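The values are calculated or read from the model by the stated rules, or taken from the named source; none is laboratory data. Model, not experiment: these values are computed from the prediction. Positions of Cβ are backbone-derived with ideal geometry, glycine not excepted, and every protein chain shown enters the neighbour counts. Keep in mind that these areas ignore ligands, DNA and RNA; they rest on the heavy atoms of the full protein, side chains included. Shrake-Rupley method; radii C 1.70, N 1.55, O 1.52, S 1.80 Å.
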Amino acid sequence: MIKTDRPVGVVTVALLLAGSAALAGPTDRSQRFEEPNAPFFGPIVSGVPFALEGPGDGGGGPAKMDDPFDSDNMQLLSWVPLNNFPGGHSAGNDCWGYVSPSGREYAIMGLEAGFGFVEVTDPFNPVIVGSISGPSSGWHDIKVMGEHAYGVSEGGAGIQVIDLSNIDSGVVTLVRNRQQSGHSSTHNIAANTDSGFVYLTGANVSNGGLVAVDVTTNPDLPNIVGSWSSFYVHDAQIVSFTSGPNAGKEIAYCLSGTGNGSGNTALRIVDVTNKSNMFTISTISWSGARYAHQGWLTEDRRFFYVNDELDEGDTVGVTTTRIFNVENLASPSFVGTVTTGRPSIDHNLYTHDGYMYQSNYRSGLRVFDIANPTSPVQVAWFDTFPGSDSAAFNGAWSNYPFLPSGTIIVSDIERGLFMLRLAVNRLDIDLVGSAPLTLEPGDASSIEATITEVGLTLNPSTVEMIVTDAGGTSTVAGAAVGGGTYHFDFAGLECFDTISYHIEARDTNGSLFRYPAAGATAPLTSLVASSQSQTFADSFDTNMGWTVSDSPGLTDGSWTRGQPVGGGERGDPATDYDGNGWAHLTDNASGNSDVDGGSTSLISPTFDATGGTQVYANYAIWYSNSFGASPNADIFTVEVSNNNGASWQPVQTIGPTSQDAWAYFSQRVDGIVTPTATMQLRFTASDLGDGSVIEAAVDAVSIELVECVPPANCPGDIADDFGSLGADGMVSFGDFLALLGLIGPCPGGTPGCTGDIADDFGTLGGDSMVSFGDFLALLGLIGPCP
């Protein structure tokens, strides 16, 4: 990324979750959670649902969000949100990887004030093992040589020398900040592991050119040994040739130009074999060139792909990556372009195992098959920046596709670190229908899932559901019911417990696939309840009587009901949340129309919250305060009243970290106030500091009442009078009718399935089979349940 005056939007994400809520939201893919700072562990391939931002101060309730990350042929293994890294970083930047001598794998992420080190040996369960503080800057870069990492920054500190030799023990050590020969700040750093040199680019010495640093003689004390200063170099790839006409040469492919790199911008091929006499071999540019940013060779070193960071939205309308034939170093030639068809900026790319991996800011990671290197074909993508693919400096900064396990690391400016897997071949696991919003108490609930083989073969003995409740974790084997569908039964569920579960399976090679989550941190989650009802709902397509109250000092930004017109720029939501087009927004106007000089409160109509054991307030919120003189300083509050607004109690606080995305929340309020027939909600956005840009919106508000009745101890009561499954408090003719349709073995051979109330001789107690003995037992149970 080049230095510009453009502000970088900052989002801190507390937790992303996938699945279905215990309580109904505007979609069936929202979910409760209790651990706002845990990493996210995600589902398979496309249409991934998540929740953004954790519960606030008012009640530890759940957060939910629907589908911010679109993808295709990619598996999200895990996500470490930016605010999980110690140090309070406002943005992320570059990334790299490391494999220790023991074979354990690590991701290294550049942060606003240093570097974070994350073990990803188990990519479903990443662990932050260390961090190194550095100067505050939006630009950090890092490379690894042997058991050392070398970090640089635009903020100074020279070369940060980091010892990784004890990383397997959770120890990462800063050896020194190495400054020499006037060197302090650096834009990027490149490494040639074959030659043992790292190279500074865009540093404050040698005209910002290519600076060679010996890190082999003494890895703890890097030593500058030469430079090529003819042009400013933004980034470079340096390789050593061991065969062919270039054997014995060390060659640098420099993305370079005059000034800050934008003048005479081009790919320059430089011979750096002799560090005292580096010289230009050739130069090539392209039509409409604006800024030679970064590039990478194909693995056979015949072609070089170039990212131009400033052409999108200027000389070209869509992402445009240039392709050069560099077989003849002295005479490279332009052979074509490749595009994603999106308007976003191509930023950093790498090639590995026949694929090109592009981090393209707002359109995330894009993967191309380069079997034909001059005509790459996009085969997969994962969008880390939901809602916009425009040519702007947000989203995916870089990636690292070289870990032996196949785990792909992606760093995102606002959202942190993602671990992905290319899943052109995979097992697709999907629920049959929607995940249950609630689960019945007792043994009455079950789910089914389909597993589709895409280029792989399923090992059916590995299909299972992992269930966690207050009593611990258990495993339920999936029972094959035909057509690739598997059946799973819940058992012994207690009222108002939160039940977490996920489904996993392996292929015949042992590769693990999970839906929707990895481990018990973020699976599907449902509440055990026998009924739920909605007593109030408003999607704002009509005026249901909301009122607005502004503080005396407010000069702009009062709440209005309408269709978003801000276009998604400078903090405005581009769309509403639930898709009907309408929401309540702070001064719904394009341009400079944010909340200024005070507070604006949106107050709901009165609603009745009596009649349920538990009461939940559900709502979607957009909140942005990442721009202006004092970003990430103000807060957004949600409050509840049970006396028509005479007094208010806090439910949730969002901020001061900006959210910059729609998030759906479900907060339990009966523990905050006593439910009455005169309840109201109040949403308040404020600008009380030094003029930060505050934009907010509210959508999809509802109130839900939840009740739970424990099941009676009444074996045999499996249906109503007409034979429809479901207890009715009576063992009668309808239960016999239902039993006829259940004859046969229990799914998975598990005793106690519906209808399995006795053994073959009519003695109560399941035997994994619905048979004549169950009819015998039923005869003795006719009558009302106790």
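Quick notes on this one:
- Those residues of region 156-173 which are free of Cβ contacts under 8 Å to residues at least 60 places away in the same chain and either touching an Asp or Glu at 6+ places or on another chain (Cβ under 8 Å) or open to solvent by less than 40 Å² (accessible area, probe 1.4 Å) (or both), in sequence order: 156, 157, 158, 160, 162, 163, 165, 170, 172, 173
- Annotation note: of 651, 693, the sole residue that is within 20 Å of residue 559 (Cβ to Cβ), in contact with an Asp or Glu (Cβ under 7 Å, 6 or more places away or on another chain) and open to solvent by 10 Å² or more (accessible area, probe 1.4 Å) is 693.
Each row is one residue, and each column tells you yes or no for (1) part of a loop (DSSP other than H, G, I, E, B); (2) touching a Ser or Thr at 6+ places or on another chain (Cβ under 8 Å).
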site: 265; (1), (2): no, yes
site: 269; (1), (2): no, yes
site: 277; (1), (2): yes, no
site: 281; (1), (2): no, no
site: 290; (1), (2): yes, yes
site: 293; (1), (2): no, no
site: 300; (1), (2): yes, no
site: 306; (1), (2): no, yes
site: 310; (1), (2): yes, yes
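- Filter pass, residue 574 being part of a loop (DSSP other than H, G, I, E, B), surrounded by fewer than 17 Cβ atoms within 10 Å (Cβ to Cβ) and under 30 Å from the mean Cα position of the chain (by Cα): yes
- Test: residue in region 705-721 that is in contact with a strand residue (DSSP E or B) (Cβ under 6 Å, 6 or more places away or on another chain) and either within 30 Å of residue 562 (Cα to Cα) or basic (Lys, Arg) (or both): yes
Residue-by-condition table, conditions (1) hydroxyl-bearing (Ser, Thr, Tyr); (2) surrounded by fewer than 22 Cβ atoms within 10 Å (Cβ to Cβ); (3) within 19 Å of residue 237 (Cα to Cα):
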position: 273; (1), (2), (3): yes, yes, yes
position: 293; (1), (2), (3): no, no, yes
position: 296; (1), (2), (3): no, yes, yes
position: 314; (1), (2), (3): no, yes, no
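- Condition check for residue 108: open to solvent by less than 40 Å² (accessible area, probe 1.4 Å), under 28 Å from residue 516 (Cβ atoms), in contact (Cβ under 8 Å) with a residue 40 or more places away in the chain and of a type in the set (A, V, I, L, M, F, W, C): yes
- Scanning region 397-416 for residues that are among the small types (Gly, Ala, Ser) and either buried (at least 20 other Cβ atoms within 10 Å of the Cβ) or touching a residue at least 40 places away in the same chain (Cβ under 8 Å) (or both) yields 398, 405, 411, 416.
- Scanning region 738-786 for residues that are open to solvent by 20 Å² or more (accessible area, probe 1.4 Å), in a helix (DSSP H, G or I) and on the phi < 0 side of the Ramachandran plot yields a count of 6.
- Scanning region 588-624 for residues that are open to solvent by less than 10 Å² (accessible area, probe 1.4 Å) and among the β-branched types (Val, Ile, Thr) returns 595, 600, 615, 621.
- Picking from residues in region 370-396 that are open to solvent by 40 Å² or more (accessible area, probe 1.4 Å) and β-branched (Val, Ile, Thr), the one that is farthest from residue 298 (Cα to Cα) is 377.
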